[in-house]
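Visitor: I'd like to ask you about the structure that follows.
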Amino acid sequence: MDANAAHRAKRGVLKAAHLVGLFLAMAFICLPGLWIVLSSLRPTVEIMAKPPVWIPQQLSFDAYVAMFSGVGQGGIPVIEYFRNSIIISVTSTVIALAVGMAGGYAFARYRFPGKSPIFLGFMLTRTVPGIALSLPLFFVYARLGIIDTHFGLILAYVALNVPFTIWLIDGFFRQVPKDLAEAAQIDGCTRWQAFWQVEFPLARPGIASAGIFAFLTSWNEFALASQLTRSTNSKTLPVGLLDYTAEFTIDWRGMCALAVVMIIPALVLTFIVQKHLVSGLTSGAVKG
Amino acid sequence: MDPAGAIAQDSGYEQEKAPAKRSRRWKVPVPFLLLLPAFVVLAAVVVVPLALSLYSSFTPFRLTRPDTFWTFIGFRNYVRLLSDWEFWVTFGRTVLLLTVALNLEMVLGLGLALLVEKATRGQRLLRTIMMFPMMFSPVLVGFQFKFLFNDNIGLINNALQALGLTDSAIPWLIDGTLAFIAILVAEIWSSTAVFAIFILAGLMAMPKEPVEAAKVDGCTPWQTFRYVTWPFIMPFAYIAMTIRSLDIARAYDIVKIMTDGGPAKRTEILWTLIARTGYADARMGVANAMAYIAILLSIVFTAMFFRQLAKARAQVGAEW
């Protein structure tokens with residue numbers, strides 16, 4: 001009886017400890033983001049208040065309205081940055097997906113000499129730190145006159161995304177049984193039809209998540225963009241955010257609002273793909 | 001050997017191996033055709049520029065004086081860097097930051113994954129929350145923690161003062177050591193999720209029987225974890241490590257925003273130093289030499305984890 005009670009008590013304590021630990025971890029993860037959202041809705045006076053105001057007295061969307069009505073807070077053209085970000089991220093994602101699909105399919109379905117060194121080589125191009133790559137790119141782009149253009153950044157982002165897209169898509173095509181495409185070919189499909197009508201639809205969710213991953217990489221990229229862009233012609237949101245910090249009087253509320261605007265697309269997209277992302281990366285890497 | 005692969009190889013080698021098949025149309029091997037776009041893009045944007053920067057690391061090239069691009073000075077940039085104390089301090093700081101950050105991320109990620117895996121209800125929600133920091137652009141992470149660690153209006157100082165833990169404001173980001181810690185916190189906050197996600201994937205893919213067998217055989221929970229669970233999830237942890245090491249340089253974004261290498265270069269890391277030397281000082285030649293050392297560092301980190309991954313995979317492979 002006693003042993004039973006002791007065991008039950010021990011289990012109860014362990015369970016409570018688990019819940020507390022989980023709660024603390026989640027709080028640590030969520031709090032910074034929630035604080036940013038809250039700050040974007042509060043008047044600047046409250047943010048700057050000393051002693052701090054913990055419970056917001058009034059909430060409003062003023063910061064967002066100001067940001068999107070013409071030249072926003074502190075003269076920062078958020079709309080242009082937003083437009084550039086969308087154009088550059090979407091275009092580079094589409095191209096990276098096309099290139100990555102071809103490459104990923106080659107790795108998943110064919111045997112050829114030098115397969116793993118080539119794969120490793122692709123991955124190594126990804127290890128080059130953005131800022132280190134930006135030095136020669138800056139020089140080359142300046143010569144070609146494509147600094148501060150959409151084209152320049154799109155090109156750079158395609159290259160940035162291709163290795164990882166190949167890794168992911170390779171993993172997804174491996175998950176599609178080879179027999180299916182072979183059966184289709186026996187039934188009279190060409191290789192191309194077998195790919196397009198059998199394998200592609202099955203791998204589509206995975207490919208979509210590879211696309212979203214590429215989109216997020218471009219959307220969030222800073223090191224290259226900060227050097228290869230100059231003006232509203234091509235500045236993206238991450239670089240735009242730096243405009244705020246460069247000033248001496250920081251408009252915290254405006255920055256928080258811009259941060260929220262940046263995070264929402266990323267949030268929605270990641271939410272959609274989370275499952276596929278992990279399975280794609282692990283299947284490619286674990287099963288070799 | 002699979003039929004598809006066989007076909008591919010035939011078409012690749014038919015000219016040399018099978019002259020009898022000459023009558024068939026000459027074809028470029030399919031996989032190379034498929035890989036061609038990737039090769040072209042990577043060559044144009046990564047390989048050729050890097051070759052160029054390798055060359056210019058042997059010149060005293062300055063952006064303001066284009067003619068210096070053609071002056072060849074051999075290894076002088078590298079020699080100067082090797083004897084530059086400040087550079088080595090920065091290099092050491094970068095390695096220290098990466099080592100501490102990666103190890104803590106690994107441990108915390110493991111803990112987080114175990115916590116979430118144990119949860120009986122709402123696991124889907126917990127997993128989504130866990131991924132939350134991954135979506136933040138590093139720039140955003142930097143800004144967010146710059147805001148939180150602000151000595152005057154930051155949440156952390158406000159909370160500490162409200163709780164009576166400190167009377168005066170703690171100068172996070174103004175004191176060198178504290179700024180380093182603040183950067184470390186930001187870095188860990190943003191990247192622990194990567195480890196947690198992959199380790200969790202490993203935990204969920206793991207068969208339950210070995211754990212139960214270990215329990216029946218009288219293993220303590222620690223023994224079960226150490227000798228049964230851990231070997232299983234190790235490859236997943238190394239995948240996370242490899243992926244993380246592929247873009248360790250994102251710390252640049254965080255540091256650039258939070259302190260920009262300051263105060264008085266006390267938080268300067270390799271990448272901020274490269275940016276400063278290359279763009280602010282316009283000394284491209286030296287910056288490229290530094291960049292090559294930074295690239296080497298990245299490759300060492302990646303290769304290290306990639307080898308571990310291969311080893312762990314081979315070890316577990318028999319049991320999968």
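The values are calculated or read from the model by the stated rules, or taken from the named source; none is laboratory data. Since this is a predicted model, take the numbers as computed values, not measurements. Please note: Cβ atoms are built from the backbone with ideal geometry, for glycine as well, and neighbour counts cover all protein chains shown.
Visitor: Just for the range A:137-156: of the residues that are at the interface with chain B (Cβ under 9 Å from one of its Cβ atoms) and either crowded, with 24+ Cβ neighbours inside 10 Å or farther than 19 Å from B:ALA287 by Cα (or both), which one is modelled with the lowest pLDDT?
Guide: A:LEU137
Visitor: I'd like to verify a number: residues in the range B:33-70 that are assigned to a helix (DSSP H, G or I) and modelled with pLDDT of 85 or more, how many?
Guide: Final tally of qualifying residues: 24.
Visitor: Given the conditions (1) part of a helix (DSSP H, G or I); (2) within 12 Å of chain A (Cβ to nearest Cβ); (3) within 23 Å of A:ILE250 (Cβ to Cβ), and given that B:ALA169 satisfies all but one, which numbered condition is not satisfied?
Guide: Failing condition for B:ALA169: (1).
Visitor: Answer yes or no: is there a residue in the range B:86-99 that is assigned to a loop (DSSP other than H, G, I, E, B) and within 11 Å of chain A (Cβ to nearest Cβ). Please lay out each step first, then the result.
Guide: Restricting attention to the range B:86-99, the residues satisfying the condition of being assigned to a loop (DSSP other than H, G, I, E, B) are none.
No; the residues of the range B:86-99 include none that is assigned to a loop (DSSP other than H, G, I, E, B) and within 11 Å of chain A (Cβ to nearest Cβ).
Visitor: Right, next: Yes or no: B:LYS215 charged (D, E, K, R) and surrounded by fewer than 17 Cβ atoms within 10 Å (Cβ to Cβ)? Let's see the steps before the verdict.
Guide: Numbers: charged (D, E, K, R): yes; surrounded by fewer than 17 Cβ atoms within 10 Å (Cβ to Cβ): yes.
For B:LYS215, the condition - charged (D, E, K, R) and surrounded by fewer than 17 Cβ atoms within 10 Å (Cβ to Cβ) - is met.
Visitor: Across the range B:269-285, what is the number of residues that are surrounded by 20 or more Cβ atoms within 10 Å (Cβ to Cβ) and farther than 26 Å from B:LEU184 by Cβ? Before you say what the answer is, go through the steps one by one.
Guide: Taking the range B:269-285 and keeping what is surrounded by 20 or more Cβ atoms within 10 Å (Cβ to Cβ), we get B:269-275, B:277-278, B:283-285.
After this cut, where a residue has to be farther than 26 Å from B:LEU184 by Cβ as well, the list is B:283-285.
Total satisfying the criteria: 3.
Visitor: Would you mind stating whether B:ALA264 is closer than 23 Å to B:LEU178 by Cβ and within 11 Å of chain A (Cβ to nearest Cβ)?
Guide: Values: closer than 23 Å to B:LEU178 by Cβ: yes; within 11 Å of chain A (Cβ to nearest Cβ): no.
Judged against the criteria, B:ALA264 is not a match.
Visitor: Within the range A:94-146, can you find the residues that are free of Cβ contacts under 8 Å to residues at least 24 places away in the same chain, at negative phi and not in a helix (DSSP H, G or I)?
Guide: Listed by number, the residues that qualify are A:TYR110, A:ARG111, A:PHE112, A:PRO113, A:VAL128, A:ILE146.
Visitor: Considering only helices (runs of 4 or more DSSP H) fully contained in the range A:1-93, which possess at least 1 residues that are over 20 Å from A:THR232 (Cβ atoms), basic (Lys, Arg) and facing chain B (nearest Cβ under 10 Å)?
Guide: Once the helices (runs of 4 or more DSSP H) in the range A:1-93 are filtered for at least 1 residues that are over 20 Å from A:THR232 (Cβ atoms), basic (Lys, Arg) and facing chain B (nearest Cβ under 10 Å), what remains is A:2-41.
Visitor: Okay, next question. At least 2 residues that are in contact with a helix residue (DSSP H, G or I) (Cβ under 8 Å, 6 or more places away or on another chain) and over 25 Å from B:ARG62 (Cβ atoms) in each: list the helices (runs of 4 or more DSSP H) lying fully within the range B:221-320 that qualify.
Guide: Values: elements: B:221-224, B:230-246, B:251-258, B:270-275, B:284-317.
Output list reads B:221-224, B:230-246, B:251-258, B:284-317.
Visitor: Sticking with this one: Out of the residues in the range A:182-223 meeting the condition of being in a loop (DSSP other than H, G, I, E, B) and touching a residue at least 12 places away in the same chain (Cβ under 8 Å), tell me which one is farthest from the chain's Cα centre (by Cα). Steps first, answer last, please.
Guide: Taking the range A:182-223 and keeping what is in a loop (DSSP other than H, G, I, E, B), we get A:187-190, A:221-222.
With the extra rule that they be touching a residue at least 12 places away in the same chain (Cβ under 8 Å), the set shrinks to A:221-222.
Values: A:GLU221: 9, A:PHE222: 12 Å.
Once the filter is applied, the top-ranked residue is A:PHE222.
Visitor: So B:PHE75 passes all but one of these: (1) in contact (Cβ under 8 Å) with a residue 40 or more places away in the chain; (2) over 19 Å from B:ARG276 (Cα atoms). Which condition number does it fail?
Guide: Here B:PHE75 meets the rest and fails (1).
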